[in-house]
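Working notes, beginning with the structure itself.
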Ligand code: ADP
Ligand code: MG
Ligand code: MG
């Protein structure tokens, strides 16, 4: 589903990604780990099409299409979802309205009919049930005054509603509290399916106590330096990232 080959990218003239390759199949959950500053968020932002990143070499295909050639809205319509590491607050904008607008924008870009409020509310109730969530966050302004856990619940709810084919979750290096962590994990586990892939970016192993990834990658110095099963995350936890750094072959 997602194929990244030899990706090189710079931010503000500095090369951050230095030949990153990764392949993710539909139905899989991949964890991307790595030390601070390795380029994890940079990769997420490039996949989502955020501004400010210059791809200098390599390719990214999504379902065989050139992902990097698509506008951010086209990527969203194609089914790529990036959860924000720091969700924005939008005071005064009702969350239900926001979610419906986001969903309808996506439907429109796909040439599908927009949902009226009745159909939307029906969908909302279905998704709330799947995630065992209450509707309390829907009546508030987008993320305004939300706790860390509430922001995460909202983000997972947004994911459930938009039904992406590829969900990229960038979990902050500063760490989530245990409630937020479980919210993310429960959401990912409830939304795992044969035609959906997840790329879970995380600095810490502990998230992977709750989400069992199919593949774990370690990103260091702009490249994937090691890939393996869930045991790789445990080895990292035990030995620390220095263990990985010691194994990096310097660039020629
Ligand atoms: P990670 O998510 O793995 O901690 P990032 O992708 O956030 O790493 O950052 C990788 C490197 O790119 C860091 O050295 C960081 O300082 C740099 N960087 C990221 N975004 C910018 C930016 N907008 N301007 C300048 N440097 C940036
Ligand atoms: Mg960081
Ligand atoms: Mg980051």
Checklist entry - Does residue 64 satisfy being more than 11 Å from ligand 1 (Cβ to nearest atom) and surrounded by fewer than 16 Cβ atoms within 10 Å (Cβ to Cβ)? => result yes
Checklist outcome for this item: For the stretch 76-98 the number of residues that are crowded, with 16+ Cβ neighbours inside 10 Å, out of contact with any strand residue (DSSP E or B) (no Cβ under 6 Å at 6 or more places or on another chain) and at pLDDT below 90 is 3
Checklist entry - Residue check: is residue 69 surrounded by fewer than 21 Cβ atoms within 10 Å (Cβ to Cβ), without any contact (Cβ under 8 Å) to a residue 40 or more places away in the chain and either within 24 Å of residue 226 (Cβ to Cβ) or over 17 Å from the mean Cα position of the chain (by Cα) (or both)? => result yes
Item to check | Odd one out for residue 100, checked against (1) under 23 Å from residue 191 (Cβ atoms); (2) free of Cβ contacts under 8 Å to residues at least 24 places away in the same chain; (3) in a loop (DSSP other than H, G, I, E, B) | outcome: (3)
Checklist entry - Taking the stretch 34-78 only, how many residues are within 16 Å of ligand 3 (Cβ to nearest atom) and not in a helix (DSSP H, G or I)? => result 9
Checklist entry - Can you name the residue in the stretch 179-217 that is part of a strand (DSSP E or B) and under 13 Å from the mean Cα position of the chain (by Cα) and, of all such residues, is nearest to ligand 3 (Cβ to nearest atom)? => result 201
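Which residues, taken from the stretch 126-178, are in a loop (DSSP other than H, G, I, E, B), buried (at least 18 other Cβ atoms within 10 Å of the Cβ) and in contact with a strand residue (DSSP E or B) (Cβ under 9 Å, 6 or more places away or on another chain)? If you could, list the steps in order and put the result at the bottom.
Restricting attention to the stretch 126-178, the residues satisfying the condition of being in a loop (DSSP other than H, G, I, E, B) are 132-135, 140, 143-147, 163-165, 171-177.
Then drop every residue that is not buried (at least 18 other Cβ atoms within 10 Å of the Cβ), which leaves 133, 143, 146, 164, 171, 176.
The answer is 143, 164, 171.
Which residue, of 48, 38, is touching a strand residue (DSSP E or B) at 6+ places or on another chain (Cβ under 8 Å) and more than 15 Å from ligand 2 (Cβ to nearest atom)? Walk me through it before giving the result.
On the way: 38 fails: more than 15 Å from ligand 2 (Cβ to nearest atom).
Only one candidate qualifies: 48.
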Item to check | Within the stretch 33-46, tally of residues that are crowded, with 24+ Cβ neighbours inside 10 Å and touching a helix residue (DSSP H, G or I) at 6+ places or on another chain (Cβ under 7 Å) | outcome: 2
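Report whether or not residue 82 is in contact with a helix residue (DSSP H, G or I) (Cβ under 6 Å, 6 or more places away or on another chain), within 16 Å of ligand 2 (Cβ to nearest atom) and either outside any loop (DSSP other than H, G, I, E, B) or closer than 22 Å to residue 13 by Cα (or both).
On the way: in contact with a helix residue (DSSP H, G or I) (Cβ under 6 Å, 6 or more places away or on another chain): yes; within 16 Å of ligand 2 (Cβ to nearest atom): yes; either outside any loop (DSSP other than H, G, I, E, B) or closer than 22 Å to residue 13 by Cα (or both): yes.
It is true that residue 82 is in contact with a helix residue (DSSP H, G or I) (Cβ under 6 Å, 6 or more places away or on another chain), within 16 Å of ligand 2 (Cβ to nearest atom) and either outside any loop (DSSP other than H, G, I, E, B) or closer than 22 Å to residue 13 by Cα (or both).
Is at least one residue of the stretch 6-19 closer than 25 Å to residue 240 by Cα and without any contact (Cβ under 8 Å) to a residue 40 or more places away in the chain? Break it down stepwise before answering.
Within the stretch 6-19, the subset closer than 25 Å to residue 240 by Cα is 15-19.
Add one more test, that the residue is without any contact (Cβ under 8 Å) to a residue 40 or more places away in the chain, and what stays is none.
Within the stretch 6-19, none of the residues are closer than 25 Å to residue 240 by Cα and without any contact (Cβ under 8 Å) to a residue 40 or more places away in the chain.
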Next on the checklist: Among the residues of the stretch 1-32, what is the count of those that are out of contact with any helix residue (DSSP H, G or I) (no Cβ under 9 Å at 6 or more places or on another chain), in a strand (DSSP E or B) and more than 20 Å from residue 192 (Cα to Cα)?
Outcome noted: 9
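The values are calculated or read from the model by the stated rules, or taken from the named source; none is laboratory data. For clarity, every value in this text was computed on a predicted model and none was experimentally measured. Positions of Cβ are generated from backbone atoms using ideal geometry, with glycine treated the same way; all protein chains shown enter the neighbour counts.
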